[in-house]
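Before any comments, here is the structure.
Coordinate-derived values only; no laboratory data. Since the model is a prediction, treat every value here as computed from it, not as a measurement. Ideal geometry is used to build each Cβ from the backbone, glycine not excepted, and the neighbour counts take in all protein chains shown.
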Amino acid sequence: MSTEFRIRVASSMDEIEASSWDRLVEPTQNGSQGNPFLLHAFLSALETSGSATARTGWLAQHLILEDEAGNISGALPCYLKNHSQGEYVFDHGWADALERAGGRYYPKLQCSVPFTPATGPRLLVKAGDGEDVRRNALLQGLTLLAERHGVSSAHITFMPENEWKLAGEAGFLLRTDQQFHWQNDGYKTFEDFLASLSSRKRKNMRKERETALGQSGITIDWLTGSDLTEAIWDRFFQFYTDTGSRKWGRPYLTREFYSRIGETMSDRIILMMARRNGQYVAGAINFRSSTALYGRHWGCVEDHPCLHFEVCYYQAIEYAIQNGMERVEAGAQGAHKLARGYLPRITRSAHWIGHPGLRNAVADYLEDERQHVEMENQALREHAPFRKPGQNGNSTQDDE
């Protein structure tokens, strides 16, 4: 490690000054908002609410990079884990292979935002000259921490491309996957967006919206800031636990988590809440930066046709257009999003594996997987719902 820097490990976000951490996430002074999931308030809420703790298998081991004067110039959110739940980049097969060979895969180090499959900076560094030097120092610190703990592996998930390439140069194995994001191509209204679609897809989308709203008597409220009362969080938590118990067996996030983020970052949260007969019956939570809206959890206590599409996808598009945002990231997986105007985007992760045999096997697998992801990405884009070049907006062509 260069003598310019010192690495220390923090066992909780409470050990780190919030303003020093957040300056790495939102370094500019022009009021722009960075990735909301990397804010001290969000990560702290995960820990203090009991959602991401040693008891739930997320023992904080955050790497803090300090200069010679003791000032924080870099950080890496990191956890020591004894399972692979809540990550959305699946390595269960790797764990099974090592353990069948007589090795031990867990514990491992996981560098991510717990339960949050959203791309954002991981190698957080002070802006200015030498940014990549500090990022490399964090990568070196991570491998040293892995060796000190004697763990099988260290994983950095949902990285931006520049950090991903840097990790590859540092010897990490590189992995890709895909999500579906909506891109704002300068639309002024939702109708502008619809006009960019093929005739058939435009008709289907209008039909889904009419089914979700017009036929059911449901209206949608956008709640943010002071709208986010404890009664609202109580209701939304009902929606979240209904979905969570069906998908994961036990919801990851506690009720206290929502109270904490409601207190500390309510201006970065938008709840899309569906109301029928004066009662909220479904909802989705979104977080925002200056440029993007991030859809996270959805749930309901009443089933209505197409309501999931409306609340999670179409309302997010409406909000992004009205607020001049560049994109909507709709979370992990879901090829069904393609028909709703969300296009495939590559996601990236980097992996350090200590066991030579497992490392070689995973390296071969990832080379094939990256090719498969790229081919699938291209194939899906060919089936995008947008008009083909030369096709006018009134065409009745039956595009698939």
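Find which of GLN85, PRO160, VAL25 sits farthest along the positive direction of the dipole of the stretch 6-171, computed with +1 on the beta-carbon of Lys and Arg, -1 on that of Asp and Glu, about the Cα centre.
With unit charges placed on the Cβ atoms, the residue in question is GLN85.
Any chance you could list P(r) for the stretch 6-171, counting all Cα-Cα pairs in 5 angstrom bins from zero, rounded to whole %?
All Cα pairs, binned at 5 Å, distribute as 1, 9, 18, 22, 22, 15, 7, 3, 1, 0, 0 percent.
Considering the dipole of the chain built from charges on the beta carbon (Lys and Arg +1, Asp and Glu -1) around the Cα centre, which of TRP58, TYR240, TYR187 is farthest to its positive end?
Selected residue: TYR240.
What is the sum of charges, Lys and Arg at +1 and Asp and Glu at -1, for the other residues whose Cβ falls under 13 Å from the Cβ of GLU47?
Once positives and negatives cancel, what remains is -1.
Please turn the phi angles of the stretch 10-27 into ³J(HN,Hα) values with the Karplus equation 6.51 cos²θ - 1.76 cosθ + 1.60 (θ = phi - 60°), one per residue in order, whole Hz, x for glycine and proline.
Running phi through 6.51 cos²θ - 1.76 cosθ + 1.60 with θ = phi - 60° gives 9, 8, 6, 5, 5, 7, 10, 4, 4, 5, 5, 5, 5, 5, 6, 8, 10, x Hz.
Name the residue farthest towards the positive end of the dipole of the stretch 181-344 from the options LEU228, ASN204, GLN315, assuming +1 on Cβ of Lys and Arg, -1 on Cβ of Asp and Glu, about the Cα centre.
Of the options given, the answer is ASN204.
Would you mind ranking LEU173, LEU63 so that the residue whose beta carbon has the fewest other beta carbons within 10 Å leads the list?
Ordered by Cβ neighbours within 10 Å, fewest first: LEU173, LEU63.
Sorting VAL328, VAL151 on the 10 Å Cβ count, fewest up front, what's the list?
The order, fewest Cβ neighbours first, is VAL151, VAL328.
Might you report the magnitude of the Cβ-based charge dipole of the chain about its Cα centre, with Lys and Arg at +1 and Asp and Glu at -1, to the nearest 20 debye?
760 debye
So how long is each side of the stretch 130-186 along the principal axes, counting just the alpha-carbon atoms, biggest first, in Å?
The principal-axis extents, from largest down, are 49, 29, 15 Å.
When the Cα centres of the stretch 178-243 and the stretch 107-158 are compared, how far apart do they sit, in Å?
Between the Cα centres of the stretch 178-243 and the stretch 107-158 lies a distance of 35 Å.
Quick one: what are the phi-derived ³J(HN,Hα) couplings along the stretch 371-387, Karplus 6.51/-1.76/1.60 with θ = phi - 60°, whole Hz, x for glycine and proline?
5, 5, 4, 5, 5, 5, 4, 5, 5, 5, 4, 5, 9, 4, x, 7, 4
Roughly how many debye, to the nearest 20, is the charge dipole of the stretch 181-344 about its Cα centre, given +1 on each Lys and Arg Cβ, -1 on each Asp and Glu Cβ, and no other charges?
600 debye
Just how large is the dipole of the stretch 87-235 about the Cα centre, in debye to the nearest 20, putting +1 at every Lys and Arg Cβ and -1 at every Asp and Glu Cβ?
Roughly 420 debye, rounded to the nearest 20.
Go through 107-113, 235-241, 222-228 and give me the packing order, highest mean Cβ count within 10 Å leading.
In descending order of packing, they fall as 107-113, 235-241, 222-228.
Let me have the relative contact order for the stretch 143-271, percent, based on Cα pairs under 8 Å that are six or more residues apart.
19 percent
Count the lysine pairs in the chain whose Cα atoms lie under 30 Å apart, taking only pairs 8 or more positions apart in sequence or on different chains.
Within the chain, the lysine pair count is 24.
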